[in-house]
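Heads up: the structure comes next, in structure tokens.
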Amino acid sequence: MKRILVPVDFSKQSDNALAVAFKIAQKTKSRLLLLHVVEAPINPQVNMMGDAGMITVAPESIIPHEQLKHSDQKLNAIKEKYANLDVKIETHTELDIESGFMGIDKVISAHDDIDLVIMGSKGSSGLKEVLIGSNTEQVVKRARVPVLVVKDDHIESHLNKALLPINLEPQNAKLVADIVKIVNLLGAELHLLYVNSPLQFYSTQQINDMKNEFVKKHHISKASFTIVDDFSEEKGIFYYVKENKVDLIVMPTHGKTGLGAFFSGSVTADVVNHSAVSVLTFNMKNY
Amino acid sequence: MGKILVPTDFSESSANALDVAAELSKVTGWGITLMNVMKSNELAKSTYKALKANNGAGTNKLLAEAKASLESLKNKPKYNGLKITIEITLQDSFTKLSEEISSQEADLIVMGTKVVPGYGEEKLVGKNTRALIKNANCPVLVVKKPVKNLSIKSVVFTTDFDVMHRGILNNLAPLLNALNAKLHLLCISTPSSFVTSRKASKVLGTMMNKTKIKEWDFTLYNDKSKEEGILHFAEEFKADMLIMPTHGRKGFNYFFNGSIAEQVLDHFDGLGMTVYQKD
């Protein structure tokens with residue numbers, strides 16, 4: 001890996017993500033790009049014709065100079081904190097008037113050598129998920145590079161066991177190759193999981209055949225395998241994660257936004273929001 | 001001390017059963033009761049003939065013959081050092097035969113079965129064995145073929161988490177411990193009776209919590225039907241012995257619900273044990 005992007009907001013979650021990011025950067029000898037996005041306040045207005053609109057002014061004129069300076073100071077403090085590690089660190093403060101995600105996206109586009117984003121999120125349920133982590137969800141759904149979402153309950157920064165749920169749909173060869181590559185780089189062991197449900201029921205023999213074909217087709221040299229029976233894929237994944245020690249869930253995401261996501265549901269978004277362990281997502285749009 | 005009951009009609013299949021019982025007796029130290037059930041009408045016929053021919057002498061010729069056959073079986077050199085008792089019971093009709101056997105007090109019945117060819121490759125178990133499975137008060141071990149160098153190391157127990165299964169396992173614990181066999185619990189999930197992993201592990205925990213069995217593991221296996229699932233798993237797992245609790249359904253209930261254990265026994269080539277659970 002060449003460069004890892006770590007969006008930070010100086011919260012406890014982002015500190016956690018940073019700790020994991022530094023471990024990974026050290027191990028993979030890659031550079032870290034610490035990014036803080038300053039969101040400009042939006043001032044909605046109604047024009048004379050009754051249309052809602054926004055004032056378009058340069059963000060620099062709205063955001064006080066002090067706030068930008070403050071951001072730089074904090075980023076430098078992080079740099080100093082980890083100075084004893086042999087990791088090359090860059091910092092960047094980005095201004096954006098639309099949303100935090102847009103700022104992150106702009107930075108990813110500007111650097112073509114970013115191959116992983118690491119960011120924090122709360123392992124949440126209930127109201128928290130509505131309030132926190134919406135930026136992370138946006139990044140997961142739309143980012144062009146794999147995103148590692150580090151949960152705040154994830155205390156250990158070493159990732160041992162990576163869980164990859166598989167299904168009977170043919171998988172994109174490059175996607176699986178990328179998954180295996182990144183899981184290997186993170187130093188984790190790959191564990192495959194199939195969730196069998198009554199509506200789409202297969203016998204254990206059929207599932208084993210399918211898994212063997214999967215492993216052979218994608219040249220996966222070493223992976224353990226479990227079949228879990230449950231009523232839905234998410235339920236099965238959560239059950240497995242609850243009962244077994246898993247450090248990371250790997251999930252390709254279809255990156256549906258808007259109505260598509262609403263109607264077809266996004267297993268990945270569910271898993272990212274509700275699981276207490278870290279999640280590594282790959283956007284299917286890129287494959 | 002336990003008791004292993006081996007019904008014999010001096011056929012090859014019952015000799016196979018005695019071989020298996022002898023091996024089990026060696027590891028458990030249980031005694032063997034070798035029993036011949038004689039139909040009393042046969043006896044009556046022979047008595048009548050003997051009376052006619054010998055003017056009342058040698059009335060028990062058939063009985064004496066049976067006794068001699070049992071003795072010669074018992075005294076085979078390969079059964080040296082085993083505690084074998086012989087017993088002859090009379091029963092008036094063929095259908096009562098299984099009832100007579102099952103009414104005996106025993107810890108285990110080892111029954112050799114005649115194998116009746118079915119339509120396909122399956123080898124169906126005989127009528128007497130079928131009847132015995134439905135009536136016996138203790139576990140019945142069905143022996144379909146000669147067993148050489150008996151070694152029972154992996155035992156598969158099929159369960160649907162019935163409340164009775166804990167008791168059955170407790171009763172089997174001495175035998176399993178004596179065999180030093182690893183117990184593997186198996187539950188089959190089918191589209192029509194789907195079992196989630198979540199539920200299985202929860203119920204299993206409560207079921208196994210208070211059993212005398214300390215070491216066991218568990219598989220939830222998916223298949224089209226329970227019978228196929230049990231057979232496929234047994235084959236994959238290379239199970240030495242299959243233990244199946246059965247409801248021993250009779251009459252209409254049997255006609256409509258059938259017996260999974262019986263169907264599995266028809267297709268399973270290894271050692272199959274059924275345990276009749278009273279509802």
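Values quoted throughout were computed directly from the atomic coordinates according to the rules given, and no laboratory measurement underlies them. Values in this document were obtained by computation on a predicted structure and should not be read as measured data. Glycine gets a Cβ as well: all are built from the backbone with ideal geometry, and neighbour counts include every protein chain shown.
Below, the figures for the structure above:
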item: Net charge, residue A:204 excluded, C-beta distance under 9 Å - Lys, Arg +1, Asp, Glu -1; result: -2
item: Spatial separation of Cα centroids for the stretch B:147-190 and the stretch B:9-49, in angstrom; result: 26 Å
item: For residue A:164, residues with placed amide H under 5 Å, excluding near neighbours; result: A:191, A:192, A:193, A:250
item: Per-residue average of Cβ from other chains inside 10 Å of A:192-203; result: 4
item: Intensity falloff of the stretch B:104-196 expressed as log10 I(q)/I(0), Debye formula with alpha-carbon point scatterers, at q = 0.22, 0.23, 0.24 Å⁻¹; result: -1.33, -1.33, -1.32
item: Taking the stretch B:141-189 and dividing mean pair separation by its residue count, relative contact order in percent (alpha carbons under 8 Å, at least six apart); result: 53 percent
item: Cβ-defined net charge surrounding residue B:171, 11 Å radius [Lys, Arg +1; Asp, Glu -1]; result: +1
item: 5 angstrom amide H check on residue B:83, placed H, neighbours 5+ away; result: B:32
item: Pairs from A:174/A:217; B:3/B:26; B:182/B:212; A:23/A:222; B:74/B:127 whose Cα-Cα separation, in the structure shown, is over 18 Å; result: A:23/A:222; B:74/B:127
item: Local net charge near residue A:242, Cβ-Cβ under 11 Å (Lys/Arg +1, Asp/Glu -1); result: +2
item: Built amide H within the under 5 Å cut-off of residue A:253, gap 5+; result: A:282, A:283, A:284
item: Peptide B:220-226, shielding by other chains (average Cβ, 10 Å cutoff); result: 5
item: Number of partner chain Cβ atoms within 10 Å, mean per residue of A:228-235; result: 4
